[in-house]
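J.: One structure, as structure tokens, below. Some questions next.
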Amino acid sequence: MSDLMNTPNPDFRAGAIALLGRPNAGKSTLLNRLVGQKIAITTPKPQTTRNRITGVVHREGGQLVLVDTPGLHKAQSRLHRMMVATAMRAAEEVDLVAFLVDVAQGVSEYDKVLLDRLTKGGRPLTILLNKVDRVAKPKLLPLLLELGKRYPQATLYPLSALKGDGAEGLVDLWISALPKSPPIFPEDQITDVTLRFLVSEIVREKLFLILQEELPYSVAVEVEKFSEGAERTEISATIWVAKDNHKGMVIGKGGAVLKDVGAKARADIEELLERPVFLELWVKVHAGWDERGHLLAQLGFMDGA
Ligand SMILES: Nc1nc2c(ncn2[C@@H]2O[C@H](COP(=O)(O)OP(=O)(O)OP(=O)(O)O)[C@@H](O)[C@H]2O)c(=O)[nH]1
Ligand SMILES: [Mg+2]
């Protein structure tokens, strides 16, 4: 290492920022965009993210530790109550809170309840008006005025997480708002999640994209074997479903659905690991897994509900 790299920069800034908002607002898309790599799965379906996922943005003058969270909604099942609790907890453990709003949807009454609560939390708040690529500019103005009036202490920032418009400016804005601090993560680390977790999420993303209606919400994926062979990485994963009749639906006629999930997941996993992958998928029933504490814990959900 050169002397330059060993000399701490006294003006370096670093801190944690939680990404909160309703399901589908674009939190995971923003995380991936700012980190510059896909570490969180994203789908057009709400309630995609189930865990908190940390992504690290490294810049010359600072470091952002972004915490992606499950979408905030009026949760029904135990799993979903745990997801919401995870997100609200994240808001208490960071230096700054970002709340994403889908501008094509506008600000709902529920958004306002959440924003009212977050402004009372005492942390600096950025309201991100996401998906600006989906609306004409003049339509943004009433939203900006309404939010500006109701939350004068918040910073309002329009952007498109998908297209990237405004992304780099946001990084600069956030770095300047964080406390002076040495880097929290080493320069080569972009996330805190394991490869096993990333692999299980890739499989779940394909299930979310391929399965219809409510079915994606009743599946969970657990990687049981992950071994680096000489030629290829061998992975075996279980897809848990909550009901007997779901099993057949996940497998499909002649195994067609599962084959499709497996092929698409394998392609992404090979890209992630940069080597050939053998992927084996099993479908197992665990009645009501999304209500059962021990399986939820086994699948990596904290019991807070
Ligand atoms: N047009 C447009 N679409 C976007 C933008 N940001 C996200 N999306 C899309 O919105 C959908 C939801 O994005 P996600 O990033 O999964 O949303 P999320 O907030 O993480 O959702 P949950 O994990 O369910 O809470 C996906 O289809 C994204 O491609 C944007 O700036 N513009
Ligand atoms: Mg998400």
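J.: Would you confirm whether any residue within the range 223-233 is under 30 Å from Asp133 (Cβ atoms) and open to solvent by 50 Å² or more (accessible area, probe 1.4 Å)?
T.: No: zero hits.
J.: Considering only residues that are part of a helix (DSSP H, G or I), farther than 20 Å from Lys131 by Cα and under 19 Å from the mean Cα position of the chain (by Cα), which ones fall in the range 143-202?
T.: Leu195, Arg196, Phe197, Leu198, Val199, Ser200, Glu201, Ile202
J.: Mind telling me which of the residues Ala85, Ala90, Ala75 ends up being more than 11 Å from ligand 1 (Cβ to nearest atom), without any contact (Cβ under 8 Å) to a residue 40 or more places away in the chain and under 18 Å from Phe301 (Cα atoms)?
T.: Ala75
J.: Can Leu100 be described as touching a Gly at 6+ places or on another chain (Cβ under 8 Å) and in a strand (DSSP E or B)?
T.: When the stated conditions are applied, Leu100 passes them.
J.: If a residue has to be of a type in the set (D, E, K, R) and either out of contact with any Ser or Thr (no Cβ under 9 Å at 6 or more places or on another chain) or open to solvent by less than 60 Å² (accessible area, probe 1.4 Å) (or both) to count, how many in the range 276-295 make the cut?
T.: Of the residues in the range 276-295, 2 are of a type in the set (D, E, K, R) and either out of contact with any Ser or Thr (no Cβ under 9 Å at 6 or more places or on another chain) or open to solvent by less than 60 Å² (accessible area, probe 1.4 Å) (or both).
J.: Within the range 46-68, is even one residue hydrophobic (A, V, I, L, M, F, W, C), assigned to a helix (DSSP H, G or I), more than 12 Å from ligand 1 (Cβ to nearest atom) and surrounded by fewer than 23 Cβ atoms within 10 Å (Cβ to Cβ)?
T.: Checked the range 46-68: no residue is hydrophobic (A, V, I, L, M, F, W, C), assigned to a helix (DSSP H, G or I), more than 12 Å from ligand 1 (Cβ to nearest atom) and surrounded by fewer than 23 Cβ atoms within 10 Å (Cβ to Cβ).
J.: Separate question: From (1) within 11 Å of ligand 1 (Cβ to nearest atom); (2) at pLDDT 95 or above; (3) within 19 Å of Phe301 (Cβ to Cβ), pick out the condition that doesn't hold for Asn24.
T.: (3)
J.: Go through (1) under 15 Å from Glu168 (Cα atoms); (2) in contact with a Phe, Trp or Tyr (Cβ under 7 Å, 6 or more places away or on another chain) one by one and return the number of the condition Val57 breaks.
T.: Tallying (1) under 15 Å from Glu168 (Cα atoms); (2) in contact with a Phe, Trp or Tyr (Cβ under 7 Å, 6 or more places away or on another chain), Val57 fails exactly one: (2).
J.: Something else about it: Answer yes or no as to whether Asp188 is of a type in the set (Asp, Glu), open to solvent by 60 Å² or more (accessible area, probe 1.4 Å) and not assigned by TED's automatic domain parsing to the domain that holds Pro23.
T.: Yes: the conditions hold for Asp188.
J.: Turning to a different aspect of this structure: Which ones in the range 29-40 are within 12 Å of ligand 2 (Cβ to nearest atom) and closer than 19 Å to Val101 by Cα?
T.: Correct list: Thr29, Leu30, Leu31, Asn32, Ala40.
J.: Could you check how many residues of the range 120-142 are surrounded by 15 or more Cβ atoms within 10 Å (Cβ to Cβ) and under 22 Å from the mean Cα position of the chain (by Cα)?
T.: 10
J.: Scan Ala98, Ala75, Ala16, Ala85 and give me the residue that is more than 11 Å from ligand 2 (Cβ to nearest atom), at pLDDT 95 or above and surrounded by fewer than 20 Cβ atoms within 10 Å (Cβ to Cβ).
T.: The conditions single out Ala16.
The values are calculated or read from the model by the stated rules, or taken from the named source; none is laboratory data. Bear in mind the structure is a predicted one, so any value in this text is a computation, not a measurement. Cβ sites come from the backbone with ideal geometry, for glycine too, and all protein chains shown count toward neighbours. The area values use the complete protein model at the heavy-atom level, side chains included, leaving out ligands, DNA and RNA. Shrake-Rupley method; radii C 1.70, N 1.55, O 1.52, S 1.80 Å.
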